[in-house]
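Below is one structure; the comments refer to it alone.
The values are calculated or read from the model by the stated rules, or taken from the named source; none is laboratory data. Note that the structure is a prediction, hence the values are computed from the model and not measured. Here Cβ is always computed from backbone atoms with ideal geometry, including for glycine, and neighbour counts include all displayed protein chains.
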Amino acid sequence: MGKKFYIKTFGCQMNFNDTERIRGILRSIGYEPAKSWEEADLIILNTCTVREKPDQKVLSHLGEYKKIKEKNPNALIAVAGCLAQRAGWELVQKAPVIDIMFSSFNMHQLPELINQAQAGYKAVAILEAPPEDEDKIWEFPTERDNPYCAYVTVIKGCDKFCTYCVVPLTRGRERSRSLESILDEVKRLVDEGVREIHLLGQNVTAWGKDLEKPVPFSELLYRVAEVEGVERIRFTTGHPKDLTDDVIEAMAEIPQVCNALHLPFQAGSNRILALMDRGYTKEEYLEKVAKLKEKVKGIALSTDVIVGFPTETEEDFEETLDVLRRVEFEQVFSFKFSPRPGTPAASMEGQLPDEVKTDRMRRLLELQKEILSRVAKRYEGTLQEVLVEEEKDGKVIGRTTTNKWATLKGGKELLGKIVKARVVKASPFNLECELVEVVK
């Protein structure tokens with residue numbers, strides 16, 4: 001019987017895409033997925049370290065997973081991803097149960113790390129910078145959860161150095177993947193039945209700037225759309241500074257590019273934005289939103305917000321609420337400020353007490369709940385295109401171009417199809433629809 005693996009993933013889409021790569025690597029060396037961690041021979045925690053809470057969750061899971069060694073002494077426990085990159089040996093000292101540790105820079109070395117751990121050594125491979133052979137990762141197969149939608153990483157790292165963020169420290173500087181490599185992967189995915197391509201990067205709209213011959217991100221959108229069989233294109237996450245007019249024009253002109261965009265604004269106060277070193281003002285952000293709404297019909301926007309950044313006053317916070325009211329985001333990922341080791345914001349004066357952050361978070365969520373209820377009602381009676389991704393109990397589930405989950409009556413014959421559906425009832429997190437026709 002072959003060995004079995006179990007992976008627990010924390011964090012962003014990039015981490016989940018890395019997990020798909022790790023699964024592919026493990027499959028290629030004979031491992032099979034386990035139904036639960038209790039029956040695994042190899043447990044991997046693919047980690048995030050953007051905030052303190054995921055760090056604590058990892059330590060909690062390690063405490064639980066170490067029980068596996070009682071019944072299977074040869075079982076291996078690995079920590080991968082951003083926390084591994086940031087903490088390194090410090091984490092191994094806190095949790096000696098760790099047998100293997102590697103970061104996103106060297107996940108392609110996993111087979112040799114497993115061999116080292118099986119030989120009785122602590123297999124820790126944390127590089128300070130991406131290796132020259134980092135591109136080897138694209139040669140490994142990827143095992144996806146979704147047969148119809150696929151992540152394609154196009155750029156790694158970030159050059160923005162926002163004062164609260166550890167991404168440049170854990171993922172490195174921006175490194176664009178070649179256009180040819182991206183298009184080759186997209187073509188392979190389409191051949192496998194994928195209909196929606198989701199381009200990924202810590203700062204995806206910066207793609208192409210660091211290539212030997214720079215290429216604008218808008219050109220990448222046009223080229224991906226030209227691949228026969230690509231029905232939908234999404235991209236995450238971009239920085240507002242890199243959302244240029246040509247990208248907005250491409251979104252408006254290319255039929256396959258979905259009318260949905262994640263555009264983090266983080267704070268509404270210009271003073272706080274300057275302390276964050278975000279590189280734009282509230283007014284400049286709202287100007288980009290206005291262009292998007294003018295050019296891209298029916299666009300749905302989502303965002304990230306940090307509440308309680310050092311020295312944030314009540315007036316500063318009200319500016320953040322004002323942005324929510326003006327834009328009417330369809331999804332908001334909000335976080336209480338969490339000081340991360342090694343970032344300038346961690347040592348700034350004026351750190352706010354947790355009770356202030358908690359109260360402001362509560363008020364923000366209450367406002368966003370009101371906005372979501374209002375926005376959801378606008379969907380009722382409209383026709384939406386839905387890519388059907390799952391069938392369960394006589395119903396099918398999929399997503400609209402605006403990234404809303406939709407359910408409607410139907411069977412397995414609709415899986416992978418794009419259908420036109422009328423919204424009968426809308427709630428903030430789901431659209432109940434009736435089938436009108438199968439589009440393609």
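Remarks
- Members of region 1-60 found to be crowded, with 20+ Cβ neighbours inside 10 Å, part of a helix (DSSP H, G or I) and among the hydroxyl-bearing types (Ser, Thr, Tyr), listed by number: 19
- Filtered residue count, region 369-391, keeping only those that are more than 26 Å from residue 229 (Cα to Cα) and not in a helix (DSSP H, G or I): 5
- Members of region 238-262 that are touching a helix residue (DSSP H, G or I) at 6+ places or on another chain (Cβ under 6 Å) and within 22 Å of residue 158 (Cα to Cα): 238, 240, 242, 243, 246, 247, 248
- Boolean, residue 106 is assigned to a helix (DSSP H, G or I) and either in contact with a Cys (Cβ under 9 Å, 6 or more places away or on another chain) or not basic (Lys, Arg) (or both): yes
- When region 239-262 is filtered for residues that are in a loop (DSSP other than H, G, I, E, B) and under 11 Å from residue 205 (Cβ atoms), the ones remaining, listed by number, are 239, 243, 244.
- Qualifying residue in region 388-406 (condition: of a type in the set (A, V, I, L, M) and over 26 Å from the mean Cα position of the chain (by Cα)): no
- Of all residues assigned to region 297-320, at least one qualifies as being touching an Asp or Glu at 6+ places or on another chain (Cβ under 6 Å), assigned by TED's automatic domain parsing to the domain that holds residue 269 and either assigned to a helix (DSSP H, G or I) or not polar (S, T, N, Q) (or both).
- Subset of region 155-173 [more than 21 Å from residue 83 (Cβ to Cβ) and surrounded by fewer than 22 Cβ atoms within 10 Å (Cβ to Cβ)]: 159
- Restricted to region 35-51, and to residues there that are among the β-branched types (Val, Ile, Thr) and within 17 Å of residue 335 (Cβ to Cβ), the residue that is modelled with the highest pLDDT is 47.
- Residue that is surrounded by the fewest Cβ atoms within 10 Å (Cβ to Cβ), among those in region 214-238 that are modelled with pLDDT under 95 and assigned to a loop (DSSP other than H, G, I, E, B): 237
- Residue in region 404-417 that is outside the structural domain of residue 145 (by TED's automatic domain parsing), outside any strand (DSSP E or B) and among the aromatic types (Phe, Trp, Tyr) present: no
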